[in-house]
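Undergrad: First the structure, which I've put down as structure tokens, then a few questions once you've had a look.
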Amino acid sequence: MAAIVADDLHSWPMSNPLSVSLLFTLVFSVLLALGLLARFWLATRQIRHVALHRGQVPAAFAQNISLAAHQKAADYTITKTRFGLLELAWGTVALLGWTLLGGLDLLNQLLLSWMGGGMAQQVTLLLAFALISGVLDLPLTLYQTFVIEERFGFNKMSLRLWLIDLLKSSALGLLIGLPLAALILWLMGAAGQRWWLWAWCVWTGFNLLLLLIYPSFIAPLFNKFKPLEDVAIRARVTALMQRCGFAAKGLFVMDGSKRSAHANAYFTGFGASKRVVFFDTLLAKLAPGEVDAVLAHELGHFKHRHVLKRMLSLFLMSLLAFALLGGLSTQAWFFNGLGVQPNLLGLPRTGALAPTDALALLLFALTLPVLSFFVAPLMAHYSRRHEFQADAYAVAHSSGADLASALLKLYEDNASTLTPDPLYVRVYYSHPAASERLARMGGALG
């Protein structure tokens, strides 16, 4: 593969004129601009719509949601949406800095002059990029956690716990991510023109392995999990799972309150390692029947094979992405059009061509979100349809009134607005708006 890539690199200037690179730069810039304008327009619609309905609780919720809770949800939504605009601007500046303004090219050239070409330089390039990107994102992450979440009473983390989490996640990234990245880089250089197919197999196997080991080995590094001790809830949950023909390795309570006041419940794991996890915040807020209904909703996802369908969709999309990367990684216009010189002139001391595989990976990862924004509404549509199906399953196997009551409590406790902009929902929301969910359930609250 190295020889093939080297030959391709030598032929790039002749087979790919400057005009192709400029055309690709133009296409990339236009898509980026269109995406930015669309995101900004949608965000301003959401802010205006939520602010317009802030003063009155919708009639369908007036008996269950107080005006104060409704206004808190509106303020929280508006604040988060405005912060999202700041994140959008910051991310765009970073993207342009890495690509068209030459940041990635400069970093690559510095490492080449220091280390020469080879696997060590490529892995270092990935590591340096991740480190710099993480540092650039730190101010926004800190502001979101210790200002926004703190202001609305959701953050429960101390700075010390936040730093410990950061160190743990960084260590895991090095321990797991670097060997995986090195293996993919090796395949890109040694597995021939179909390297992308082998890399996809490795990626898929890695994700399946992660599903197996995450519940038992990774999640406990960040949270404590205790067996569900509440006798009444355990009895109800066990009976529900037996009625639905579902088996899990165990029922656990997670100390989510250590970090946040947000409540949730989820399934994790795969195959024999599958388990049910309740946030302690959720058990503190919901009655036993409501917990039953929330679990029935999650069981509905499994009954309709939503988890399997989403997994297969993810693997299919990743296959297409790897195939696309396989084609782009040998095209000079892809590199030049994004502001990167793809090692065409050789190394200073030897004159040999350095591998461009790490550059290709990083450029692809940077530009993919620009394209994926335009297909995100389709994915959100299917996700909302799955939620409706899971709701219907829960109503059939538990109490519709309990499910509706639980959903409203979760909307209130998580400060989720009851009056989102309809178009914003269609583009972004993976879950239907509260009004749509209750309407599908036939107004279970009465």
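Undergrad: Measuring from the lowest to the highest alpha carbon on each principal axis, how far does the stretch 30-166 reach, largest first, in angstroms?
TA: Reported extents, whole Å, longest axis first: 69, 42, 18.
Undergrad: Let me ask you something else. Quick one: Debye curve from the C-alpha atoms of the chain, no solvent, what's log10 I(q)/I(0) at q = 0.06, 0.12, 0.13 Å⁻¹?
TA: Ignoring solvent entirely, the Cα scatterers give -0.32, -1.19, -1.33.
Undergrad: Now for a different question. To the nearest 10 degrees, how steep is helix 195-213 against the longest Cα principal axis of the chain, on a 0 to 90 scale?
TA: 30
Undergrad: When the expected Rg is taken as 2.2 N^0.38 Å, what fraction or multiple of it is the alpha-carbon Rg of the stretch 377-429?
TA: My calculation over the Cα atoms of the stretch 377-429 gives 1.26.
Undergrad: To make sure I understand the rule: partners must be aspartates and glutamates, Cα under 14 Å from the Cα of K72, and not fewer than 8 residues away in the same chain. Which ones qualify?
TA: E149, E150, E412, D413
Undergrad: Another question, then. Looking at the square roots a ≥ b ≥ c of the eigenvalues of the Cα gyration tensor of the stretch 280-330, which shape do they give, rounded for a/c under 1.5, prolate if a/b is larger than b/c, or oblate?
TA: Since a/c reaches 1.5 but b/c is at least a/b, the shape of the stretch 280-330 is classed as oblate.
Undergrad: Rounded to whole Hz and in sequence order, give me ³J(HN,Hα) for the stretch 34-50 from the Karplus expression 6.51 cos²θ - 1.76 cosθ + 1.60, θ = phi - 60°, writing x for Gly and Pro.
TA: 4, x, 5, 4, 5, 5, 5, 4, 5, 5, 5, 4, 4, 4, 5, 5, 5
Undergrad: Based on DSSP, what percent of beta bridges with both residues in the stretch 213-314 are antiparallel, to the nearest 5?
TA: Expressed as a percentage, antiparallel bridges in the stretch 213-314 total about 65.
Undergrad: For T268, what residues show an amide H to amide H distance below 5 Å, using hydrogens built from the backbone and excluding near sequence neighbours?
TA: R275, V277
Undergrad: Evaluate the charge dipole of the chain about its Cα centre and quote only its size in Debye, nearest 20, assuming +1 on the Cβ of each Lys and Arg and -1 on the Cβ of each Asp and Glu.
TA: For the chain, the charge dipole is close to 800 debye.
Undergrad: Measure nothing but the geometry: give the 0 to 90° angle between the long axis through the Cα atoms of 119-143 and the longest principal axis through the Cα atoms of the chain, rounded to 10°.
TA: It is inclined by approximately 40 degrees.
Undergrad: What is the angle, in °, between the Cα long axis of helix 357-372 and the longest principal axis of the Cα atoms in the chain? Nearest 10 is fine, range 0 to 90.
TA: 40
Undergrad: Where both residues lie in the chain, what percent of DSSP beta bridges are antiparallel, nearest 5?
TA: 65
Undergrad: A 30 angstrom limit on the alpha carbon distance is what I want to check against. Which of K285/K309; K156/K303; K156/K309; K258/K409; K303/K409 exceed it?
TA: K285/K309; K156/K303; K156/K309
Undergrad: Also, quick follow-up: What list of ³J(HN,Hα) values in whole Hz, one per residue of the stretch 411-426 in order, does the Karplus curve 6.51 cos²θ - 1.76 cosθ + 1.60 (θ = phi - 60°) give from phi, with Gly and Pro shown as x?
TA: Working through the residues one at a time gives 4, 5, 5, 8, 6, 8, 5, 8, 10, x, 5, x, 5, 4, 4, 5 Hz.
Bear in mind that the values in this text are calculations on the coordinates, not laboratory data. Values in this document were obtained by computation on a predicted structure and should not be read as measured data. Note that each Cβ is placed from the backbone with ideal geometry, even for glycine, and that neighbours are counted across all protein chains shown.
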